[in-house]
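I have placed the structure first, in the form of C-alpha coordinates, so that the comments after it can refer back to it.
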Amino acid sequence: MGDNSLRSELISLAIRLAAGGIFTYFSVKWMIKAMDPNSSTIDASRRKAEDLLRRLGINYPVELTDHEMRIATLFVPPEDCINPDEIGGHDSLWAEVNDRVILPLALMARSKANGDRLSSLVSPPPGVLLYGPPGCGKTLMARAIAKSANARFLNLDLSILTDKWYGESQKLTSALFSVAVKFQPTIIFIDEIDSFLRNRSSNDHESTAIMKAQFMTLWDGFASGNNEIMVLGATNRREDVDEAILRRMPTQFKVPMPSSRSRAQILEKILEGEYVSNKIDYLGVASDAEHFAGSDLREACRMAALIRIRKDLKASRSARKQEFAQNPIQEADLREAVLKMKCDVATRSRRADIVSEFSRYVEESYGAFVNDANNSSTSPSQSDCEVASGTESKTPCEVDAPPLD
(Lines give C-alpha, C1' and ligand atoms only; values in the text may rest on other atoms or scores of the structure.)
Protein backbone atom coordinates (compact mmCIF):
# COMPACT_ATOMS: atom_id res chain seq x y z
CA MET A 1 0.00 0.00 0.00
CA GLY A 2 2.79 2.37 0.91
CA ASP A 3 4.63 1.78 -2.36
CA ASN A 4 1.46 2.32 -4.39
CA SER A 5 0.64 5.59 -2.65
CA LEU A 6 4.23 6.82 -3.10
CA ARG A 7 4.13 5.90 -6.78
CA SER A 8 0.81 7.72 -7.20
CA GLU A 9 2.20 10.83 -5.52
CA LEU A 10 5.29 10.79 -7.75
CA ILE A 11 3.17 10.41 -10.88
CA SER A 12 0.87 13.20 -9.72
CA LEU A 13 3.88 15.43 -8.99
CA ALA A 14 5.39 14.71 -12.41
CA ILE A 15 2.11 15.54 -14.12
CA ARG A 16 1.81 18.81 -12.19
CA LEU A 17 5.40 19.75 -13.00
CA ALA A 18 4.90 18.97 -16.70
CA ALA A 19 1.65 20.92 -16.83
CA GLY A 20 3.26 23.83 -14.99
CA GLY A 21 6.23 23.81 -17.33
CA ILE A 22 4.01 23.78 -20.42
CA PHE A 23 1.86 26.57 -19.01
CA THR A 24 4.95 28.63 -18.11
CA TYR A 25 6.46 28.11 -21.59
CA PHE A 26 3.39 29.28 -23.47
CA SER A 27 2.78 32.11 -21.02
CA VAL A 28 6.32 33.47 -21.44
CA LYS A 29 6.07 33.03 -25.21
CA TRP A 30 2.80 34.94 -25.28
CA MET A 31 4.25 37.71 -23.10
CA ILE A 32 7.31 38.08 -25.32
CA LYS A 33 5.11 38.27 -28.41
CA ALA A 34 2.81 40.79 -26.75
CA MET A 35 5.78 42.96 -25.78
CA ASP A 36 7.27 42.83 -29.30
CA PRO A 37 6.19 46.03 -31.12
CA ASN A 38 6.68 44.36 -34.52
CA SER A 39 4.71 41.18 -33.82
CA SER A 40 1.62 42.23 -35.78
CA THR A 41 3.77 43.42 -38.68
CA ILE A 42 5.70 40.16 -38.71
CA ASP A 43 2.53 38.05 -38.72
CA ALA A 44 1.01 40.07 -41.56
CA SER A 45 4.28 39.93 -43.51
CA ARG A 46 4.50 36.16 -43.07
CA ARG A 47 0.99 35.61 -44.42
CA LYS A 48 1.57 37.95 -47.35
CA ALA A 49 4.98 36.43 -48.11
CA GLU A 50 3.60 32.89 -48.12
CA ASP A 51 0.86 33.93 -50.53
CA LEU A 52 3.37 35.69 -52.78
CA LEU A 53 5.72 32.71 -52.80
CA ARG A 54 2.88 30.49 -53.98
CA ARG A 55 2.07 32.98 -56.75
CA LEU A 56 5.75 33.05 -57.70
CA GLY A 57 5.64 29.28 -58.16
CA ILE A 58 7.97 28.51 -55.26
CA ASN A 59 6.71 25.24 -53.81
CA TYR A 60 9.81 24.01 -52.01
CA PRO A 61 10.24 24.99 -48.33
CA VAL A 62 12.43 28.03 -47.81
CA GLU A 63 13.56 29.04 -44.34
CA LEU A 64 13.11 32.78 -43.85
CA THR A 65 13.76 34.92 -40.80
CA ASP A 66 11.27 37.51 -39.62
CA HIS A 67 13.21 40.28 -41.37
CA GLU A 68 13.44 38.25 -44.57
CA MET A 69 9.68 37.71 -44.45
CA ARG A 70 9.13 41.46 -44.43
CA ILE A 71 11.39 41.84 -47.44
CA ALA A 72 9.75 38.92 -49.28
CA THR A 73 6.46 40.82 -49.31
CA LEU A 74 8.04 43.23 -51.81
CA PHE A 75 8.20 40.68 -54.63
CA VAL A 76 6.02 41.59 -57.60
CA PRO A 77 3.89 38.74 -59.01
CA PRO A 78 4.85 37.71 -62.55
CA GLU A 79 1.46 38.73 -63.94
CA ASP A 80 2.11 42.32 -62.86
CA CYS A 81 5.22 42.55 -65.04
CA ILE A 82 4.84 43.44 -68.71
CA ASN A 83 6.19 42.29 -72.03
CA PRO A 84 8.59 44.54 -73.96
CA ASP A 85 6.14 44.83 -76.87
CA GLU A 86 3.68 46.56 -74.53
CA ILE A 87 6.05 49.54 -74.31
CA GLY A 88 5.88 51.93 -77.22
CA GLY A 89 8.36 54.47 -78.49
CA HIS A 90 11.63 52.97 -77.20
CA ASP A 91 12.57 50.39 -79.84
CA SER A 92 16.20 51.45 -80.27
CA LEU A 93 16.71 51.84 -76.52
CA TRP A 94 15.18 48.44 -75.83
CA ALA A 95 17.50 46.82 -78.38
CA GLU A 96 20.48 48.21 -76.45
CA VAL A 97 19.01 47.06 -73.13
CA ASN A 98 18.53 43.61 -74.58
CA ASP A 99 22.17 43.39 -75.68
CA ARG A 100 23.76 44.79 -72.52
CA VAL A 101 21.46 43.50 -69.77
CA ILE A 102 19.08 40.71 -70.77
CA LEU A 103 21.51 38.73 -72.91
CA PRO A 104 24.20 38.54 -70.15
CA LEU A 105 21.54 37.41 -67.66
CA ALA A 106 20.44 34.67 -70.05
CA LEU A 107 24.06 33.59 -70.58
CA MET A 108 24.66 33.36 -66.82
CA ALA A 109 21.49 31.31 -66.30
CA ARG A 110 22.52 28.89 -69.04
CA SER A 111 26.08 28.57 -67.73
CA LYS A 112 24.82 27.79 -64.20
CA ALA A 113 22.38 25.21 -65.55
CA ASN A 114 25.18 23.50 -67.51
CA GLY A 115 27.76 23.88 -64.75
CA ASP A 116 30.04 25.95 -66.97
CA ARG A 117 32.14 28.93 -66.02
CA LEU A 118 31.05 32.25 -67.51
CA SER A 119 33.65 34.79 -68.53
CA SER A 120 33.57 37.98 -66.49
CA LEU A 121 33.55 39.97 -69.73
CA VAL A 122 30.05 38.77 -70.61
CA SER A 123 28.68 38.66 -67.06
CA PRO A 124 25.65 40.84 -66.29
CA PRO A 125 26.43 44.21 -64.72
CA PRO A 126 25.97 44.49 -60.94
CA GLY A 127 23.86 47.60 -61.36
CA VAL A 128 21.82 49.33 -64.06
CA LEU A 129 20.55 52.91 -63.95
CA LEU A 130 17.61 54.25 -65.96
CA TYR A 131 17.49 58.04 -65.90
CA GLY A 132 15.53 60.67 -67.73
CA PRO A 133 12.53 62.98 -67.43
CA PRO A 134 9.55 61.78 -65.38
CA GLY A 135 6.75 59.88 -67.07
CA CYS A 136 8.85 58.42 -69.88
CA GLY A 137 8.49 54.73 -68.98
CA LYS A 138 11.46 53.94 -66.73
CA THR A 139 9.41 51.85 -64.31
CA LEU A 140 7.64 50.03 -67.15
CA MET A 141 11.00 49.25 -68.72
CA ALA A 142 12.29 47.87 -65.40
CA ARG A 143 9.34 45.47 -65.17
CA ALA A 144 9.86 44.46 -68.79
CA ILE A 145 13.53 43.71 -68.10
CA ALA A 146 12.58 41.39 -65.24
CA LYS A 147 10.04 39.52 -67.34
CA SER A 148 12.34 39.20 -70.35
CA ALA A 149 15.16 37.90 -68.16
CA ASN A 150 12.86 35.46 -66.27
CA ALA A 151 14.01 37.09 -63.05
CA ARG A 152 12.05 37.76 -59.89
CA PHE A 153 11.25 41.44 -59.48
CA LEU A 154 11.69 42.90 -55.99
CA ASN A 155 10.27 46.43 -55.89
CA LEU A 156 12.06 47.95 -52.90
CA ASP A 157 9.87 50.06 -50.63
CA LEU A 158 12.23 52.44 -48.84
CA SER A 159 9.84 52.88 -45.92
CA ILE A 160 10.49 49.26 -44.89
CA LEU A 161 14.23 49.84 -44.56
CA THR A 162 13.82 53.01 -42.49
CA ASP A 163 12.58 51.40 -39.29
CA LYS A 164 12.11 53.52 -36.18
CA TRP A 165 13.92 51.01 -33.93
CA TYR A 166 17.68 51.41 -33.80
CA GLY A 167 19.50 48.58 -35.57
CA GLU A 168 16.43 47.30 -37.43
CA SER A 169 17.34 49.17 -40.62
CA GLN A 170 20.69 47.38 -40.78
CA LYS A 171 19.03 43.98 -40.24
CA LEU A 172 16.47 44.69 -42.97
CA THR A 173 19.20 45.83 -45.36
CA SER A 174 21.06 42.57 -44.76
CA ALA A 175 17.81 40.63 -45.23
CA LEU A 176 17.25 42.37 -48.57
CA PHE A 177 20.29 40.77 -50.15
CA SER A 178 19.93 37.42 -48.38
CA VAL A 179 16.38 37.12 -49.76
CA ALA A 180 17.65 38.06 -53.21
CA VAL A 181 20.20 35.25 -53.00
CA LYS A 182 17.65 32.67 -51.86
CA PHE A 183 15.27 33.49 -54.71
CA GLN A 184 17.74 34.32 -57.47
CA PRO A 185 17.68 35.33 -60.26
CA THR A 186 16.49 38.53 -58.65
CA ILE A 187 16.30 42.14 -59.79
CA ILE A 188 16.18 44.65 -56.91
CA PHE A 189 14.41 47.70 -58.28
CA ILE A 190 14.81 51.06 -56.52
CA ASP A 191 12.54 53.73 -57.94
CA GLU A 192 13.59 57.33 -57.28
CA ILE A 193 16.99 56.07 -56.21
CA ASP A 194 18.19 59.64 -55.68
CA SER A 195 15.95 59.93 -52.60
CA PHE A 196 17.64 56.92 -50.95
CA LEU A 197 21.21 56.87 -52.21
CA ARG A 198 21.78 60.57 -52.74
CA ASN A 199 25.12 62.33 -52.30
CA ARG A 200 26.47 61.72 -48.81
CA SER A 201 27.56 64.53 -46.53
CA SER A 202 28.62 65.09 -42.94
CA ASN A 203 25.07 66.23 -42.15
CA ASP A 204 23.61 62.75 -42.74
CA HIS A 205 22.08 61.02 -39.74
CA GLU A 206 24.22 58.28 -38.22
CA SER A 207 21.74 55.47 -38.88
CA THR A 208 21.21 56.62 -42.48
CA ALA A 209 24.94 56.78 -43.14
CA ILE A 210 25.45 53.29 -41.66
CA MET A 211 22.58 51.89 -43.73
CA LYS A 212 23.98 53.35 -46.96
CA ALA A 213 27.46 52.03 -46.22
CA GLN A 214 26.09 48.58 -45.40
CA PHE A 215 23.97 48.61 -48.56
CA MET A 216 27.01 49.29 -50.73
CA THR A 217 29.11 46.68 -48.91
CA LEU A 218 26.48 43.98 -49.33
CA TRP A 219 25.97 45.04 -52.93
CA ASP A 220 29.64 44.44 -53.66
CA GLY A 221 29.53 41.09 -51.90
CA PHE A 222 26.33 39.55 -53.21
CA ALA A 223 25.95 41.11 -56.66
CA SER A 224 29.19 39.55 -57.84
CA GLY A 225 30.56 36.14 -58.61
CA ASN A 226 27.97 33.55 -59.58
CA ASN A 227 25.01 35.23 -57.89
CA GLU A 228 22.25 36.24 -60.28
CA ILE A 229 21.44 39.50 -58.52
CA MET A 230 21.14 42.90 -60.14
CA VAL A 231 20.28 46.28 -58.64
CA LEU A 232 18.18 48.34 -61.03
CA GLY A 233 17.59 52.01 -60.26
CA ALA A 234 15.46 54.71 -61.83
CA THR A 235 15.72 58.45 -61.33
CA ASN A 236 15.05 61.76 -63.01
CA ARG A 237 17.78 63.46 -60.97
CA ARG A 238 20.94 61.58 -61.86
CA GLU A 239 23.15 64.40 -60.59
CA ASP A 240 21.86 63.82 -57.04
CA VAL A 241 22.91 60.16 -56.93
CA ASP A 242 26.08 59.47 -54.95
CA GLU A 243 29.21 58.91 -57.02
CA ALA A 244 29.91 55.63 -55.22
CA ILE A 245 26.49 54.38 -56.33
CA LEU A 246 27.04 55.50 -59.92
CA ARG A 247 30.32 53.56 -59.93
CA ARG A 248 28.40 50.42 -58.97
CA MET A 249 26.01 51.06 -61.88
CA PRO A 250 28.32 50.93 -64.89
CA THR A 251 25.44 50.30 -67.30
CA GLN A 252 23.31 53.41 -67.63
CA PHE A 253 20.55 54.22 -70.09
CA LYS A 254 18.93 57.57 -70.70
CA VAL A 255 15.19 57.27 -71.27
CA PRO A 256 14.50 60.47 -73.23
CA MET A 257 11.33 62.34 -74.00
CA PRO A 258 9.58 60.60 -76.91
CA SER A 259 9.91 61.99 -80.40
CA SER A 260 6.91 62.66 -82.62
CA ARG A 261 7.04 59.19 -84.12
CA SER A 262 7.53 57.63 -80.69
CA ARG A 263 4.53 59.53 -79.36
CA ALA A 264 2.45 58.12 -82.21
CA GLN A 265 3.55 54.60 -81.27
CA ILE A 266 2.70 55.23 -77.62
CA LEU A 267 -0.77 56.47 -78.56
CA GLU A 268 -1.38 53.34 -80.62
CA LYS A 269 -0.27 51.14 -77.70
CA ILE A 270 -2.50 52.96 -75.22
CA LEU A 271 -5.57 52.85 -77.48
CA GLU A 272 -4.97 49.28 -78.59
CA GLY A 273 -8.06 47.26 -77.72
CA GLU A 274 -10.14 50.36 -76.98
CA TYR A 275 -13.24 51.50 -78.85
CA VAL A 276 -11.65 54.01 -81.22
CA SER A 277 -12.18 55.15 -84.78
CA ASN A 278 -10.02 53.55 -87.46
CA LYS A 279 -9.47 56.91 -89.15
CA ILE A 280 -7.26 58.51 -86.51
CA ASP A 281 -4.06 60.15 -87.74
CA TYR A 282 -1.83 59.20 -84.82
CA LEU A 283 1.20 60.97 -86.25
CA GLY A 284 -0.79 64.18 -86.63
CA VAL A 285 -2.05 64.01 -83.05
CA ALA A 286 1.48 63.24 -81.85
CA SER A 287 2.81 66.30 -83.68
CA ASP A 288 0.36 68.46 -81.74
CA ALA A 289 1.39 66.80 -78.45
CA GLU A 290 4.86 68.33 -78.32
CA HIS A 291 6.70 67.96 -74.98
CA PHE A 292 4.23 65.23 -73.91
CA ALA A 293 5.70 62.30 -71.98
CA GLY A 294 4.19 58.83 -72.03
CA SER A 295 2.18 59.48 -68.86
CA ASP A 296 0.83 62.70 -70.39
CA LEU A 297 -0.31 60.81 -73.48
CA ARG A 298 -2.13 58.27 -71.32
CA GLU A 299 -3.91 61.07 -69.49
CA ALA A 300 -4.79 62.68 -72.83
CA CYS A 301 -6.34 59.39 -74.00
CA ARG A 302 -8.32 59.12 -70.78
CA MET A 303 -9.55 62.68 -71.19
CA ALA A 304 -10.48 62.00 -74.83
CA ALA A 305 -12.62 59.04 -73.74
CA LEU A 306 -14.43 61.23 -71.21
CA ILE A 307 -14.92 63.94 -73.83
CA ARG A 308 -16.48 61.37 -76.14
CA ILE A 309 -18.86 60.19 -73.39
CA ARG A 310 -19.80 63.77 -72.53
CA LYS A 311 -20.65 64.49 -76.17
CA ASP A 312 -22.72 61.31 -76.42
CA LEU A 313 -24.60 62.16 -73.22
CA LYS A 314 -25.31 65.65 -74.48
CA ALA A 315 -26.59 64.27 -77.79
CA SER A 316 -28.85 61.78 -76.01
CA ARG A 317 -30.33 64.52 -73.82
CA SER A 318 -31.02 66.63 -76.89
CA ALA A 319 -32.80 63.66 -78.49
CA ARG A 320 -34.60 62.94 -75.19
CA LYS A 321 -33.37 59.36 -75.06
CA GLN A 322 -33.22 57.32 -71.86
CA GLU A 323 -29.97 55.61 -72.89
CA PHE A 324 -27.13 56.92 -74.97
CA ALA A 325 -25.24 55.09 -77.68
CA GLN A 326 -21.51 55.36 -77.08
CA ASN A 327 -19.54 56.19 -80.20
CA PRO A 328 -15.87 55.41 -80.80
CA ILE A 329 -13.20 57.90 -79.79
CA GLN A 330 -12.55 60.25 -82.68
CA GLU A 331 -9.43 62.14 -83.70
CA ALA A 332 -11.17 65.39 -82.76
CA ASP A 333 -11.57 64.09 -79.20
CA LEU A 334 -7.85 63.38 -78.95
CA ARG A 335 -6.92 66.77 -80.36
CA GLU A 336 -9.28 68.50 -77.93
CA ALA A 337 -7.75 66.62 -75.00
CA VAL A 338 -4.23 67.46 -76.15
CA LEU A 339 -5.17 71.12 -76.51
CA LYS A 340 -6.54 71.23 -72.96
CA MET A 341 -3.37 69.69 -71.52
CA LYS A 342 -0.93 71.61 -73.69
CA CYS A 343 -0.64 74.66 -71.46
CA ASP A 344 0.18 72.67 -68.31
CA VAL A 345 2.67 70.44 -70.13
CA ALA A 346 4.42 73.41 -71.75
CA THR A 347 4.69 75.23 -68.41
CA ARG A 348 6.15 72.14 -66.75
CA SER A 349 8.59 71.67 -69.63
CA ARG A 350 9.85 75.26 -69.39
CA ARG A 351 10.22 74.92 -65.62
CA ALA A 352 12.21 71.71 -66.06
CA ASP A 353 14.47 73.39 -68.64
CA ILE A 354 15.14 76.30 -66.28
CA VAL A 355 15.99 73.96 -63.39
CA SER A 356 18.21 71.87 -65.65
CA GLU A 357 20.09 74.90 -66.95
CA PHE A 358 20.55 76.26 -63.42
CA SER A 359 21.82 72.90 -62.15
CA ARG A 360 24.26 72.66 -65.04
CA TYR A 361 25.47 76.22 -64.40
CA VAL A 362 26.01 75.54 -60.69
CA GLU A 363 27.81 72.28 -61.42
CA GLU A 364 30.11 73.86 -63.99
CA SER A 365 30.82 76.90 -61.80
CA TYR A 366 31.47 74.77 -58.73
CA GLY A 367 33.67 72.40 -60.72
CA ALA A 368 35.73 75.30 -62.05
CA PHE A 369 36.04 76.73 -58.55
CA VAL A 370 37.25 73.41 -57.14
CA ASN A 371 39.76 72.97 -59.96
CA ASP A 372 41.15 76.47 -59.40
CA ALA A 373 41.43 75.81 -55.68
CA ASN A 374 43.25 72.53 -56.26
CA ASN A 375 45.63 74.06 -58.79
CA SER A 376 46.65 76.95 -56.55
CA SER A 377 49.42 75.82 -54.20
CA THR A 378 50.41 79.23 -52.76
CA SER A 379 48.55 82.09 -51.17
CA PRO A 380 47.25 84.81 -53.49
CA SER A 381 49.70 87.52 -54.40
CA GLN A 382 49.27 91.18 -53.54
CA SER A 383 48.50 92.09 -57.14
CA ASP A 384 45.75 89.49 -57.29
CA CYS A 385 44.13 90.87 -54.17
CA GLU A 386 44.43 94.42 -55.49
CA VAL A 387 42.65 93.45 -58.68
CA ALA A 388 39.93 91.65 -56.75
CA SER A 389 39.36 94.60 -54.42
CA GLY A 390 39.52 97.22 -57.18
CA THR A 391 42.17 99.32 -55.41
CA GLU A 392 45.93 99.39 -54.99
CA SER A 393 46.02 100.75 -51.45
CA LYS A 394 44.87 97.60 -49.67
CA THR A 395 47.11 95.12 -47.95
CA PRO A 396 47.22 91.58 -49.35
CA CYS A 397 43.83 89.81 -49.24
CA GLU A 398 42.14 92.83 -47.59
CA VAL A 399 38.88 94.12 -49.01
CA ASP A 400 36.33 96.66 -47.86
CA ALA A 401 33.54 95.32 -45.69
CA PRO A 402 29.98 96.44 -46.41
CA PRO A 403 28.74 99.27 -44.17
CA LEU A 404 26.74 98.27 -41.13
CA ASP A 405 23.19 99.53 -40.75
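Some notes on this structure:
- Options Leu271, Leu267: the member that is over 25 Å from Leu107 (Cα atoms) and either assigned by the TED database to the domain that holds Ala149 or touching a Phe, Trp or Tyr at 6+ places or on another chain (Cβ under 7 Å) (or both): Leu267
- Looking only at region 157-178, and only at residues there that are among the hydroxyl-bearing types (Ser, Thr, Tyr) and surrounded by 14 or more Cβ atoms within 10 Å (Cβ to Cβ), the one that is farthest from Ile229 (Cα to Cα): Thr162
- Scanning region 152-167 for residues that are hydrophobic (A, V, I, L, M, F, W, C) and modelled with pLDDT under 90 turns up Leu158, Ile160, Leu161, Trp165.
- Residue pairs meeting the criteria (Cβ under 6 Å; at least 6 apart or on separate chains; first surrounded by fewer than 16 Cβ atoms within 10 Å (Cβ to Cβ), in region 103-129; second part of a helix (DSSP H, G or I)): Val122/Pro104; Val122/Leu107
- Filter result for the condition that a residue is out of contact with any strand residue (DSSP E or B) (no Cβ under 7 Å at 6 or more places or on another chain), among the small types (Gly, Ala, Ser), assigned by the TED database to the domain that holds Asp80 and within 30 Å of Ala264 (Cβ to Cβ), over Gly167, Gly135: Gly135
- Some residue of region 288-296 being among the aliphatic types (A, V, I, L, M), in a helix (DSSP H, G or I) and over 30 Å from Arg100 (Cβ atoms): no
- Scanning region 13-64 for residues that are within 14 Å of Phe183 (Cα to Cα), at pLDDT 75 or above and either touching a Gly at 6+ places or on another chain (Cβ under 6 Å) or surrounded by 10 or more Cβ atoms within 10 Å (Cβ to Cβ) (or both) yields one hit, Leu64.
- Answer from Val97, Val76 - the residue that is β-branched (Val, Ile, Thr), modelled with pLDDT of 70 or more, more than 17 Å from Leu154 (Cβ to Cβ) and in contact with a helix residue (DSSP H, G or I) (Cβ under 8 Å, 6 or more places away or on another chain): Val97
Here's the yes/no breakdown for (1) outside any helix (DSSP H, G or I); (2) modelled with pLDDT of 85 or more:
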{"position": "Ile280", "(1), (2)": "yes, yes"}
{"position": "Arg298", "(1), (2)": "no, yes"}
{"position": "Ile307", "(1), (2)": "no, yes"}
{"position": "Ala315", "(1), (2)": "no, no"}
{"position": "Lys321", "(1), (2)": "yes, no"}
{"position": "Gln326", "(1), (2)": "yes, no"}
{"position": "Asp333", "(1), (2)": "no, yes"}
{"position": "Arg360", "(1), (2)": "no, no"}
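- The residues of region 199-214 that are assigned to a loop (DSSP other than H, G, I, E, B) and either surrounded by 15 or more Cβ atoms within 10 Å (Cβ to Cβ) or touching a residue at least 12 places away in the same chain (Cβ under 8 Å) (or both), listed by number, are Asn199, Arg200.
- Looking only at region 128-144, residues that are under 22 Å from Thr186 (Cβ atoms) and more than 13 Å from the chain's Cα centre (by Cα) come to 1 in all.
- Here is the figure for region 138-189: residues that are free of Cβ contacts under 8 Å to residues at least 40 places away in the same chain and of a type in the set (Lys, Arg) total 1.
The values are calculated or read from the model by the stated rules, or taken from the named source; none is laboratory data. Bear in mind the structure is a predicted one, so any value in this text is a computation, not a measurement. Positions of Cβ are backbone-derived with ideal geometry, glycine not excepted, and every protein chain shown enters the neighbour counts.
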